[in-house]
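Here is the structure we will look at, set down as structure tokens.
Where a number appears in this text, it was derived from the coordinates with a stated rule and is not lab data. On a predicted model such as this, the values are computed, not experimentally measured, just so you know. FYI the Cβ positions are ideal-geometry reconstructions off the backbone, even for glycines, and counts take in every protein chain you see.
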Amino acid sequence: MLIGVVGKPNVGKSTFFQALTMAPAQRANYPFTTIDANRGVGYVEIECVDKEFGIRCNPRHGFCENGRRFVPVEVMDVAGLVPGAHEGKGLGNKFLDDLRQADALIHIIDASGSTNENGEPVQPGSYDPVNDVKFLEEELDYWIKGILNKNWAKLSRLEKTTSRDKANLLSEQLSGLKISQPEILDALKESEVDEKDLESWNENEKIKFCRSVRKASKPMVIAANKCDMPAAKENIERLKKAFPEYIIVPVSAESELVLKEAAKKGMIKYTPGDSEFEVSNPQQLNEKQVRALEFISKNVLKIYGSTGVQRCINAAVFDMLKYIAVFPGGVSKLADAEGNVLPDVFLMPPKSTALDFAERIHKDMAKHFIRAIDVKTKRALGADYALKHRDVIEIVFGR
Ligand SMILES: Nc1nc2c(ncn2[C@@H]2O[C@H](COP(=O)(O)OP(=O)(O)OP(=O)(O)O)[C@@H](O)[C@H]2O)c(=O)[nH]1
Ligand SMILES: [Mg+2]
């Protein structure tokens, strides 16, 4: 699972990435601060199952706080994208190619309207961020079209001269984008080109198809960043009206970073996603820090309910990709050999079965699969049992 953080330059992508992963990334108020993609580990939050068993877990990866379990997910921060990127403008194609492997995208926009289309600083509120959503969609569509066009003549010929059909040929050509053949079939239907020979597609039909491919292969959440600035409020309302099809999350990446850093230093108690924080030791804070924390509380948490960073990654993984979290466990034992209770939890794609889960834990478990057990109810489950979010599953296997 890889989540890509995208957007035009200077909107706060690296700040968001850093707030999510606490991995260092260069940040500054000018375009193209980031050139090479940064990769790090962020966390999605789920309600842990440990309290249902009356125990406390010891995660091997990630962490658990007050029954909220944070499960690792890989995150990538890439260079900013400007209009014309698919033709190589800005850092153009390099950026786009970094995105191939992403399962979903978080599109960071500057909701305060203080950066123009090239990411240059302008008077807050003077640039309309509604433009940025359309522009990014288009850049991605044209980028996909570029990948198709590279081999269009060859694909058309193969369709005519071999037994291979369109879906098969196109899914091979687009395989790097993480799109499946059934998704390609859906995209062909949605763009109404499923009955037309590749040779006869016009430019308009190609772009319509690419749009469908983009929606299927790179589902997107919109992070309306810099919501701490007064100009953002009205823009966020307009964005929600203009794009009802998107999940739009008000975000203050900068605030999340400040809160996480303060929590790390022991100044405050704060768990990512919280709607408030608690000052642990008021004496430890200087006047500037007090003011910064008060600002965040008043202008972000009280208005929007959280800094939004955690909500974005959760929305990408659970609402857009529809993944579920499943815990391996045993009816008689929830700990591993080292005594770690519920040490693992796996993020599984939708429609995963008990057998898929066995495969995910270990190939041999799937090969010698006998049955699965729902550890919460102790009910036996077959190989094709459809897993549910927060299931705890034991796999019984032979040798
Ligand atoms: N007010 C406010 N400013 C922010 C926020 N997040 C980022 N910024 C500022 O926006 C500027 C750009 O931040 P970066 O994280 O470097 O932006 P980027 O999108 O990675 O920029 P490039 O790498 O140049 O594309 C910096 O001055 C940040 O301090 C936020 O939530 N609120
Ligand atoms: Mg950056």
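Pairwise Cα separations in the chain fall into 20 Å bins from 0 onward with the following percentages, short to long: 25, 51, 24, 1.
Note that the range 372-382 has calculated 3J(HN,Hα) couplings of 10, 10, 6, 5, 5, 10, 6, 7, 7, 10, x Hz, one per residue in order, obtained from phi through the Karplus relation 6.51 cos²θ - 1.76 cosθ + 1.60 (θ = phi - 60°); glycine and proline are x. A DSSP coil position with no more than 14 other Cβ atoms inside 10 Å describes the following trypsin sites (Lys or Arg not before Pro) in the range 290-388: K322, K333, K351, K378, K388. Just report the Cα centroid separation between the range 298-327 and the range 234-297, whole Å. Rounded to whole Å, the Cα centres lie 13 Å apart. For GluC sites (Glu not before Pro), the sites in the range 325-399 that DSSP calls loop and that have at most 16 other Cβ atoms within 10 Å are E338. The amide H of T353, built 1.01 Å from its N in the peptide plane, has L387 as neighbours under 5 Å, considering only residues 5 or more places off or on other chains. At 25 °C and 0.890 mPa s, what whole-number value in µm²/s does Stokes-Einstein give for the translational diffusion of the range 276-384, with Rh from the Kirkwood sum over Cα pairs? Here the translational diffusion coefficient equals 137 µm²/s. The loop-placed GluC sites (Glu not before Pro) in the range 156-227, going by DSSP, that have at most 10 neighbouring Cβ atoms within 10 Å of their Cβ come out as E195. Phi angles across the range 198-206 convert, under the Karplus curve 6.51 cos²θ - 1.76 cosθ + 1.60 with θ = phi - 60°, into 3J(HN,Hα) values of 3, 3, 9, 5, 8, 4, 5, 5, 4 Hz, Gly and Pro given as x. Using C-alpha pairs under 8 Å with a sequence gap of at least 6, the mean separation divided by the residue count of the range 332-391 gives a relative contact order of 29 percent. Rounded to the nearest 20 debye, the dipole size of the chain about its Cα centre is 680 debye, using +1 on the Cβ of Lys and Arg and -1 on the Cβ of Asp and Glu.
Modelled this way, with points 7 Å down the Cα-to-C-beta line, the labels at D319 and K265 are 3.3 nm from one another.
Using r as the Cβ-Cβ distance of A335 and V279, and R0 as 45 Å, what FRET efficiency do you calculate, to the nearest 0.05?
About 0.80, to the nearest 0.05.
The simple spin-label model puts a point 7 Å past each Cα toward its Cβ; for Q123 and T162 those points are separated by 6.0 nm. A Förster radius of 25 Å, combined with the Cβ-Cβ distance separating K150 from K363, puts the computed FRET efficiency at roughly 0.10.
Per residue of the chain, the DSSP helices (runs of n ≥ 4 H) give a summed -39500 (n - 2.57) that works out to -9500 deg cm²/dmol at 222 nm. Think of the chain as a dipole: +1 on every Lys or Arg Cβ, -1 on every Asp or Glu Cβ, centred on the Cα centre; then among G339, C64, W143, G339 lies furthest on the positive end.
Of all the options A366, A102, A223, the one that moves most in a Gaussian network model of the chain with Cα springs shorter than 10 angstrom is A366. For D197 and F243, the FRET efficiency from 1/(1 + (r/R0)^6), where r spans their Cβ atoms and R0 equals 41 Å, is about 0.75.
Scattering from the range 84-144 was approximated by placing one identical point on each alpha carbon and applying the Debye formula without solvent; log10 I(q)/I(0) at 0.19, 0.24 1/Å stands at -0.76, -1.06.
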